[in-house]
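Engineer: A single structure is presented below for examination.
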Amino acid sequence: MKNSKQNYTNETFSHIYIEKDALNYSLTNEVISKLNKSKIIYIDNYNEIFSRKNQNPFLQKLSPSLILAVKKGDFIYKGSNLCHNFEQQDFYYTNFIVNCLYDCDYCYLKGMNFSSHILFFVNLSDYFNELRRLIVEKGKLYLSISYDSDILLFDGIYPFLKEWIKFAKENPLITIEIRTKTSNYKKFLNYSPIDNLIITWSISPQEVISKYEKNTPSLERRLIAISQLLKKGWKINLALDPILYIGENWSDKYKEFINSITENINIKEINAITLGVFRIPADYLKRFKKFFESSISFFPYQTINGVSTYPEELKNEMIKFVYSELKNIFDKTNIYIL
Ligand code: SF4
């Protein structure tokens, strides 16, 4: 991916599909004005493009289009039991951006969506209205806003960050989590840290990044970003998730990885760490095998209750090892395992 925002967006989104209803939102014009070389095609409903059957998501991933649509129906979802909830009872997620420009071999979006086109819902105000209602109903909420994309990649063309920071400031009963692999921390320097906005950095050994997290920043660049924002007082979690079986010497690789974390950031300043091995709904894994030829797809997983993951013994060994390394250097009450 190019560093220049303008370059990558113009090259990546050669076509923009716009729902006619989305033309009523100023955000639509804002996005179009930043992608002035893209060809625009008007549509009635985003599902005509996004949910069409018999698409090849592998090919689309090489050159995705952008879809601008108006979200209708549900805006906020109860968190899946495959996700970390930090023992929060009222754990929800939302998706105003769907799909990603990074290309992780293990990404569940590849199994979940028929398309790899990038989808922006432009009616953010409807999300905020629904959240205000939910806060009144529940009292306190934990909301992840980036499970279905690495949203920070898009803030240059869809300026959502300032809106969510404003919403978090006005609504202290909500905790907002943004999960990312980006190294572009500078956008956060425009704001003061707030207690109820957590940035969860997803990190992996460099070998995993090089092999399985295509287009993403290196471990070194992610750790620089984390260390810069820790210095500014932002609340940061680390997600060592998914932990992958990367051959017989996997434990040496993970030990080295944990050492490099402690060498590059002050781990005691981290808010929480989450751990989990690769896991995925079995029907998503079937789609992986059909379209994406990665060794991740073809490992002999065990499937229990519709979820495929490593065999129990291996899974326990991997979690136990990483946990025991981490608890030597980090408060174990703030380590969460799934
Ligand atoms: S960064 Fe996250 S959302 Fe993007 S491809 Fe990787 S796993 Fe999927």
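The values are calculated or read from the model by the stated rules, or taken from the named source; none is laboratory data. Just so it is clear, the model here is predicted, and its values are computed rather than measured. Methodologically, a virtual Cβ is constructed for each residue, glycine included, from the backbone with ideal geometry; neighbour enumeration extends over all protein chains shown. SASA here: full protein model, heavy atoms, side chains in, ligands and nucleic acids out. Shrake-Rupley method; radii C 1.70, N 1.55, O 1.52, S 1.80 Å.
Engineer: For the chain, with a Gaussian network of springs between Cα atoms less than 10 Å apart, report the residue from LYS181, LYS71, LYS320 with the top mean-square fluctuation.
Structural biologist: LYS320
Engineer: Considering Cα pairs under 8 angstrom that are at least six residues apart, work out the relative contact order of the chain and quote it in whole percent.
Structural biologist: Once divided by the residue count of the chain, the mean separation gives 15 percent.
Engineer: Under 10 Å, Cα contacts only: if you run a Gaussian network model on the chain, which one of GLY276, GLY73, GLY139 comes out with the highest mean-square fluctuation?
Structural biologist: So, out of GLY276, GLY73, GLY139, the one fluctuating most is GLY73.
Engineer: Of all the stretches in the chain, which is the longest one without any exposed loop site, taking GluC sites (Glu not before Pro) in a DSSP loop (any state but H, G, I, E, B) with at most 14 other Cβ atoms within 10 Å?
Structural biologist: On the way: sites that count: GLU87, GLU248, GLU293.
Free of exposed loop sites, the longest segment is 88-247.
Engineer: Express the carbon and sulfur contribution to the solvent-accessible surface of segment 189-338 as a percent, rounded to the nearest whole number, probe 1.4 angstrom.
Structural biologist: 47 percent
Engineer: Within the chain, what percent of beta bridges assigned by DSSP are antiparallel, to the nearest 5?
Structural biologist: Once the DSSP bridges in the chain are tallied, antiparallel ones form about 25 percent.
Engineer: With a 1.4 Å probe and all protein chains left in place, how much accessible area per residue does segment 208-338 have, in Å²?
Structural biologist: I get 49 Å² per residue for this part.
Engineer: Something else about it: Express in whole angstrom the spacing between the alpha-carbon centres of segment 274-289 and segment 85-147.
Structural biologist: If we compute the Cα centre of each part, the gap is 18 Å.
Engineer: Summing -39500 (n - 2.57) over the DSSP H runs of n ≥ 4 in the chain and dividing by its residue number, what mean residue ellipticity at 222 nm do you reach, to the nearest 500 deg cm²/dmol? The partial results should precede the final answer.
Structural biologist: Details: 13 runs with 121 residues, N = 338.
Value at 222 nm, helices only, nearest 500: -10000 deg cm²/dmol.
Engineer: Considering only DSSP beta bridges with both partners in segment 31-147, what is the antiparallel share in %, to the nearest 5?
Structural biologist: Of those bridges, close to 40 percent are antiparallel.
Engineer: Using the structure shown, list the pairs from LYS20/LYS290; LYS214/LYS253; LYS186/LYS289 with a Cα-Cα distance above 26 Å, or answer none.
Structural biologist: Going by Cα-Cα distance, LYS20/LYS290; LYS186/LYS289 fall outside the 26 Å limit.
Engineer: Of the DSSP beta bridges with both residues in segment 180-338, give the percent that are antiparallel, rounding to the nearest 5. If you can, show how the numbers build up before the last one.
Structural biologist: Working: 6 of 20 bridges.
Expressed as a percentage, antiparallel bridges in segment 180-338 total about 30.
Engineer: I've got another one for you. Could you tell me which residue out of SER65, ILE199, SER297 lies farthest along the dipole of the chain toward its positive end? Charges go on the beta carbon: Lys and Arg +1, Asp and Glu -1, centred on the Cα centre.
Structural biologist: Farthest along the dipole direction, towards plus: SER65.
Engineer: Related question: Only Lys, Arg, Asp and Glu count, each charged at its Cβ (+1, +1, -1, -1), so figure out the dipole size of the chain about its Cα centre, rounded to 20 debye.
Structural biologist: In debye, rounded to 20, the chain gives about 600.
Engineer: Pick out, in residue order, every one of the trypsin sites (Lys or Arg not before Pro) in segment 223-291 that is DSSP loop and has at most 15 other C-beta atoms within 10 Å; say none if there are none.
Structural biologist: LYS232
Engineer: Could you order PHE91, PHE114, PHE299 so the one with the most accessible surface comes first? Probe is 1.4 Å.
Structural biologist: Working: PHE91 10, PHE114 80, PHE299 50 Å².
Ranked from most to least accessible, the order is PHE114, PHE299, PHE91.
Engineer: Have a look at ASP252, ASP21, ASP105 and tell me which one the Gaussian network model of the chain (Cα, springs below 10 Å) gives the largest fluctuation.
Structural biologist: Residue with maximal mean-square fluctuation among ASP252, ASP21, ASP105: ASP252.
Engineer: Can you give me the pair-distance distribution of the chain, C-alpha pairs, 10 Å bins, whole percents?
Structural biologist: With a bin width of 10 Å, the distribution comes to 5, 25, 34, 27, 8, 1.
Engineer: If I ignore ligands, DNA and RNA and count only protein heavy atoms, how much of ARG179 is accessible to a 1.4 Å probe, in Å² to the nearest 10?
Structural biologist: Estimated to the nearest 10 Å², ARG179 gives 40 Å².
Engineer: Then there's this: If you put +1 on each Lys and Arg Cβ and -1 on each Asp and Glu Cβ, how big is the dipole of segment 232-324 around its Cα centre, in Debye rounded to 20?
Structural biologist: In debye, rounded to 20, segment 232-324 gives about 380.
Engineer: Let me ask something else about it. I need two numbers for segment 104-188: Rg to one decimal and Dmax as a whole number, Cα atoms only, in Å.
Structural biologist: Rg then Dmax for segment 104-188, in Å: 14.2, 39.
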